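Chemist: Quick one: the structure is below, and I'll ask about it shortly.
The values are calculated or read from the model by the stated rules, or taken from the named source; none is laboratory data. Bear in mind the structure is a predicted one, so any value in this text is a computation, not a measurement. Reconstructed Cβ throughout: ideal geometry from the backbone, glycine too, with neighbour counts over all protein chains shown. What goes into the accessible areas is simple: the full protein's heavy atoms, side chains included, and nothing from ligands, DNA or RNA. Shrake-Rupley method; radii C 1.70, N 1.55, O 1.52, S 1.80 Å.
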Amino acid sequence: MEVGIEDCLHIEFEYSKSKYHLKDVIVGKIYFLLVRIKIKNMELEIRRRESTGSGPNTYVETETLAKFELMDGAPVRGESIPVRLFLTPYELTPTYRNINNKFSVKYYLNLVLVDEEDRRYFKQQEINMFRLDETPQPS
């Protein structure tokens, strides 16, 4: 995932995969390729977006499940920040896509940057959640 403001900021967020099981760990790294604005802090959020209904009667609800502060202070060009976010403490469900064209649940990683003037810049990337088969294997 790349975040950028032309000629001011260019950040690359690299994470290991786009499909996670409900008790997985998001592992990645954030690289600062170009920094010309004063960043105050950076957060990573997990958001759940549920939509019900169809057509003009669609109701969408977005909920922030987790907020994780990655950085506090101004980064420099070439700096990298490791990311490790455990999903176990959060009440997650699997991703559901268009069940009978009336219901869906989607999850997003939302990278939020706040500058010194309290302007917020963000980039959202969808991730897929799935449930592991927890039946014990016969020995």
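Chemist: For the pairs K29/K102; K17/K123; K17/K38, flag any whose C-alpha to C-alpha distance is greater than 28 Å.
Modeler: K29/K102; K17/K38
Chemist: For E69, what accessible surface area do you get with a 1.4 Å probe? Give it in Å², rounded to 10.
Modeler: Near enough 100 Å² of accessible area.
Chemist: Match the structure shown to one of the listed values (i) 170; (ii) 114; (iii) 139 of volume of the Cα convex hull per residue in Å³, computed from it, and give that label.
Modeler: Correct label is (iii).
Chemist: How many nm separate the modelled label positions at E69 and E50, each set 7 Å beyond the Cα in the direction of the Cβ?
Modeler: 3.0
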